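**Student:** Before we start, here is the structure in question, set down as structure tokens.
The values are calculated or read from the model by the stated rules, or taken from the named source; none is laboratory data. Since the structure is predicted, the reported quantities are computational estimates derived from the model, not experimental observations. Cβ: placed from backbone, ideal geometry, glycine included. Neighbour counts: every protein chain shown. In case anyone asks, the SASA skips ligands and DNA or RNA and just uses the protein heavy atoms, side chains included. Shrake-Rupley method; radii C 1.70, N 1.55, O 1.52, S 1.80 Å.
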Amino acid sequence: TALDNCSVASVIATPASLALGANTVTWTATDGSGKTQTASQIVTVTDNVKPTITAPANVNVTTNTACTATGVVLGTPATADNCSVANVTNDHPSTTYPLGSTTVIWTVTDGSGNTQTAIQIVTVTDNVKPTISCPGNLTPNVGIGTCTASVATSSPTTADNCTVTKLTWTLTGATTGAS
């Protein structure tokens with residue numbers, strides 16, 4: 001507020017624009033005779049605008065021999081802020097991911113401590129076929145007085161980069177009658 005016994009010609013503030021943080025604004029009142037008077041004011045500008053973040057595209061990878069995916073590259077999120085971006089992190093800094101889906105949470109922090117998050121999904125699938133090795137061939141003899149043979153066989157050997165969850169087999173053979 002500026003008052004004068006005759007007239008107030010102008011009131012101006014310097015600086016005209018304010019930076020983030022505490023700013024000293026000097027008000028200058030000039031009367032009709034050119035006389036001036038100043039007053040100071042502290043104006044504190046705070047940043048309460050959250051930064052923006054867009055996560056990289058979801059990642060689909062396959063397992064290796066240890067039933068994990070290693071060397072996974074997530075990409076880089078797109079970030080922006082009205083003032084400054086100070087830091088970008090994610091909650092899974094390792095490049096190794098287990099079988100299945102993992103949610104990666106990206107966080108951007110601006111220079112004022114405001115944060116925003118975005119989600120990226122890493123999906124690891126197993127595309128490695130299991131291996132199976134059958135026991136050796138058998139040649140059983142028929143029993144005395146019968147035309148059948150009892151056969152005891154051992155299980156095949158199996159392996160997989162993850163796990164073998166089911167093993168099934170079918171025993172087939174010919175039955176012939178004697179004449």
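**Student:** Hey, can you tell me all the residues within the range 136-157 that are modelled with pLDDT of 75 or more and hydroxyl-bearing (Ser, Thr, Tyr)?
**Tutor:** Passing the criteria: Thr139, Thr146, Thr148, Thr153, Ser154, Ser155, Thr157.
**Student:** Here's a follow-up. Do we find a residue being at pLDDT 95 or above, closer than 19 Å to Pro56 by Cα, open to solvent by 50 Å² or more (accessible area, probe 1.4 Å) and touching a Pro at 6+ places or on another chain (Cβ under 6 Å) anywhere in the range 116-135?
**Tutor:** So far as the range 116-135 goes, yes, one or more of its residues are at pLDDT 95 or above, closer than 19 Å to Pro56 by Cα, open to solvent by 50 Å² or more (accessible area, probe 1.4 Å) and touching a Pro at 6+ places or on another chain (Cβ under 6 Å).
**Student:** Let me ask something else. Filter the strands (runs of 3 or more DSSP E) completely within the range 34-107 down to those with at least 2 residues that are under 30 Å from Asn5 (Cβ atoms).
**Tutor:** Fully inside the range 34-107 and qualifying: 36-45.
**Student:** Can you find a residue that is of a type outside the set (Lys, Arg) and under 20 Å from Asn48 (Cα atoms) anywhere in the range 130-147?
**Tutor:** No, because not a single residue in the range 130-147 is of a type outside the set (Lys, Arg) and under 20 Å from Asn48 (Cα atoms).
**Student:** Take Ile42 and decide whether it is open to solvent by 90 Å² or more (accessible area, probe 1.4 Å) and modelled with pLDDT of 95 or more.
**Tutor:** yes
**Student:** Tell me, which residue of the range 4-33 that is among the hydrophobic types (A, V, I, L, M, F, W, C) and closer than 23 Å to Asn82 by Cβ is modelled with the lowest pLDDT?
**Tutor:** For the range 4-33, the residue satisfying everything is Ala16.
**Student:** Is at least one residue of the range 77-93 within 30 Å of Asp160 (Cβ to Cβ) and open to solvent by less than 80 Å² (accessible area, probe 1.4 Å)?
**Tutor:** yes
**Student:** Within the set of pairs 6+ apart or on separate chains, which have a first residue in the range 80-108 that is without any contact (Cβ under 8 Å) to a residue 60 or more places away in the chain and small (Gly, Ala, Ser), a second that is open to solvent by 70 Å² or more (accessible area, probe 1.4 Å) and in a strand (DSSP E or B), and C-beta atoms under 7 Å apart?
**Tutor:** Ala80/Thr52
**Student:** Are any residues in the range 158-179 open to solvent by less than 90 Å² (accessible area, probe 1.4 Å) and either aliphatic (A, V, I, L, M) or modelled with pLDDT of 80 or more (or both), and if so, which ones?
**Tutor:** Across the range 158-179, the qualifying residues are Thr158, Ala159, Asp160, Asn161, Cys162, Val164, Leu167.
Yes/no matrix, rows are residues, columns are (1) assigned to a loop (DSSP other than H, G, I, E, B); (2) not aliphatic (A, V, I, L, M):
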site: Gly113; (1), (2): yes, yes
site: Gln116; (1), (2): no, yes
site: Val124; (1), (2): no, no
site: Val128; (1), (2): yes, no
site: Ile144; (1), (2): yes, no
